[in-house]
1. Based on what the data block shows, is Ala152 assigned to a helix (DSSP H, G or I) and either open to solvent by less than 60 Å² (accessible area, probe 1.4 Å) or among the aliphatic types (A, V, I, L, M) (or both)?
2. Out of Val53, Val7, which single residue is of a type in the set (A, V, I, L, M), part of a loop (DSSP other than H, G, I, E, B), free of Cβ contacts under 8 Å to residues at least 60 places away in the same chain and under 23 Å from Gly211 (Cα atoms)?
3. Do any residues in the range 25-45 that are without any contact (Cβ under 8 Å) to a residue 40 or more places away in the chain have Cβ atoms under 8 Å from those of residues that are more than 16 Å from the ligand (Cβ to nearest atom), where the two are at least six apart or on different chains, and which pairs are they?
4. Quick one: what pairs do we get from the range 74-95, first residue under 21 Å from Ile174 (Cβ atoms), second of a type outside the set (Gly, Ala, Ser) and assigned to a loop (DSSP other than H, G, I, E, B), C-beta under 6 Å, 6+ apart or different chains?
5. So is Leu125 open to solvent by less than 10 Å² (accessible area, probe 1.4 Å), within 24 Å of Val96 (Cβ to Cβ) and within 16 Å of the ligand (Cβ to nearest atom) or not?
6. Restricting attention to the range 131-148, which residues are farther than 19 Å from Leu169 by Cβ, open to solvent by 10 Å² or more (accessible area, probe 1.4 Å) and in a helix (DSSP H, G or I)?
7. Somewhere in the range 83-91, is a residue assigned by TED's automatic domain parsing to the domain that holds Thr186, crowded, with 19+ Cβ neighbours inside 10 Å and more than 14 Å from Met151 (Cβ to Cβ)?
Amino acid sequence: MSRLLEVEGLAAQYGRVAALHDVSLAVAPGQLVALVGSNGAGKTTLLRAISGVRPASAGRIAFDGSDITGLTPARRVRLGIVQVPEGRQVFAPLSVEDNLILGGYTRRAGIEEGIARAFRMFPVLAEKRRLPAGALSGGQQQMLALARALMAAPRLLLLDEPSMGLAPLLTAEIFAAIAALKRAGTTILLVEQNATQALRVADYAYVMETGRIVLEGPGAELARNEKVKAAYLGM
Ligand code: ATP
């Protein structure tokens, strides 16, 4: 299997507290890989180590065959690694459209096209294009955060808890958008507390506990695993 992202033996710390231990995972081009686990398992830290926001204290991260472990977050964005952080951090005072334009800052061309694509994906954003992002509902802000990340033409999209705090209907809409992105060929690493939905859309998944990967397998296979069912699927 060719790999777009390869993480090997990764560790990360907050001061003296270890948040990741010996984490290894891989994402192939076009794959949707999910990372599930309870609160505090280290999922966010792992995404941040991949995007470069949190330095790794050991291990190696390779992207498209090159070692990127020491690169700044900005360099990684230019390579196409784009993270949508937890809690939909949109620029609240700026309009929906300006948020999208900022998302495309690494592009030389294709801004108009990118905006048109975002509006096709989320028509409600087109209706509200001139409103400040802060005036949108939580679900709409999540759509905007996702659409803004797509403006950077990601080769690897890192999604941190896109359904957090959303009502079931909006969660379904966000997951439908994620499935559509996957069908369009986007490579995605998805962190989710909503393990049921995540395993449903994922080609492959990893389960994290206290900073380690404890289980991995195809999404459908993990969804049938008794331990996963008991711990994460509420069955
Ligand atoms: P959640 O779903 O709650 O975001 P998570 O699986 O993403 O959980 P992380 O946020 O990566 O987990 O946290 C992993 C560990 O690192 C936890 O023990 C957490 O308390 C600790 N941690 C996270 N952020 C910090 C920080 N800024 N300073 C100190 N410790 C932190």
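The values are calculated or read from the model by the stated rules, or taken from the named source; none is laboratory data. Nothing here was measured: the structure is a model prediction, and the numbers come from that model. For neighbour counting, all protein chains shown are included, and Cβ atoms are generated from backbone atoms with ideal geometry for every residue, glycine included. Calculation scope for accessible area: heavy atoms of the full protein, side chains included, ligands and nucleic acids excluded. Shrake-Rupley method; radii C 1.70, N 1.55, O 1.52, S 1.80 Å.
1. No, not satisfied.
2. Going through Val53, Val7 in turn, the sole match is Val53.
3. Hits for this filter: Ala26/Met1; Ala26/Arg3; Ala26/Leu5; Ala26/Glu6.
4. Close Cβ pairs (under 6 Å, with a partner that is of a type outside the set (Gly, Ala, Ser) and assigned to a loop (DSSP other than H, G, I, E, B)) amount to Val82/Pro154; Glu86/Glu161.
5. In short, no.
6. Answer for the range 131-148, where residues must be farther than 19 Å from Leu169 by Cβ, open to solvent by 10 Å² or more (accessible area, probe 1.4 Å) and in a helix (DSSP H, G or I): Gly134, Ala135, Arg148.
7. no
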